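Below is one structure, written out as C-alpha cells, with a few remarks after it.
The values are calculated or read from the model by the stated rules, or taken from the named source; none is laboratory data. These numbers were taken from a predicted model, which means no experiment stands behind them. Neighbour counts run over all protein chains shown; Cβ positions are idealised from the backbone, glycine included. Surface areas here come from the heavy atoms of the whole protein model, side chains and all, with no ligands, DNA or RNA. Shrake-Rupley method; radii C 1.70, N 1.55, O 1.52, S 1.80 Å.
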Amino acid sequence: MVTGIGLDIVELGRIRRLDSRSAKFRERVLTENELLEYELLSAGRKTEFLASRFAAKEAFGKAKGTGIGRMCSFKDIEIRKDSNGKPSVFFRGQQDGLVSITHTKEYAAAQILLQS
C-alpha cells in the first residue's frame, strides 16, 4: 500500500552558487557517506550529485508528511546506490522507500514513493 509520494525539482545554478560560497550547505545536506562520494566526483558532477540529493531529501520529507525539520532532517535521510547504480532511500539507517532521480543541464528532480 502506498503511504506517501513526494516530488521535488531544483535549479542546478542555484545549488552551484550555494555550494561555491562555502561548504556549509553541502555539509548540512549530505551525510558523511554522501560527502565522501561527493569528494570523488568532478566539479560538474558534484553539482548534479548535491542537487539530486537535495531534491530527493526534500521529496522524502514531502512523502513522509513532515517536511525537512526537527522530525526529519537532511542528515536522517541518505541516498545509497547499489552495485548497478540504482539509488535507494534510507531513513535513520533503514531502507524506507523507492527513489527516482534525474537531471538535465539546468534542473535536478527526484520522486519518492513510500510503501507499507
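General observations
- Summed over segment 19-36, residues that are within 16 Å of His103 (Cβ to Cβ) and over 13 Å from the mean Cα position of the chain (by Cα) total 1.
- Lone qualifier among Gly44, Gly13 - being at pLDDT below 95 and under 20 Å from Tyr107 (Cα atoms): Gly44
- Residue within segment 88-108 that is part of a helix (DSSP H, G or I) and either of a type outside the set (A, V, I, L, M, F, W, C) or within 22 Å of Arg21 (Cα to Cα) (or both) present: no
- Here segment 18-36 is the region considered, the condition is being crowded, with 18+ Cβ neighbours inside 10 Å and acidic (Asp, Glu), and the residue that is nearest to Val89 (Cα to Cα) is Glu34.
- Yes/no for Asp76 being open to solvent by 30 Å² or more (accessible area, probe 1.4 Å), out of contact with any Gly (no Cβ under 6 Å at 6 or more places or on another chain) and either small (Gly, Ala, Ser) or at pLDDT below 95 (or both): no
- Consider segment 1-17 and keep the residues that are open to solvent by less than 10 Å² (accessible area, probe 1.4 Å) and either part of a helix (DSSP H, G or I) or out of contact with any helix residue (DSSP H, G or I) (no Cβ under 6 Å at 6 or more places or on another chain) (or both). The one that is nearest to Lys75 (Cα to Cα) is Ile15.
- Check on Ser20, of a type in the set (Ser, Thr, Tyr) and either in a strand (DSSP E or B) or touching a Cys at 6+ places or on another chain (Cβ under 8 Å) (or both): no
- Subset tally (residues that are open to solvent by 10 Å² or more (accessible area, probe 1.4 Å) and within 21 Å of Phe25 (Cβ to Cβ)) for segment 54-65: 3
- Restricting segment 38-82 to residues that are among the acidic types (Asp, Glu) and under 13 Å from the mean Cα position of the chain (by Cα), the residue that is nearest to Thr3 (Cα to Cα): Glu58
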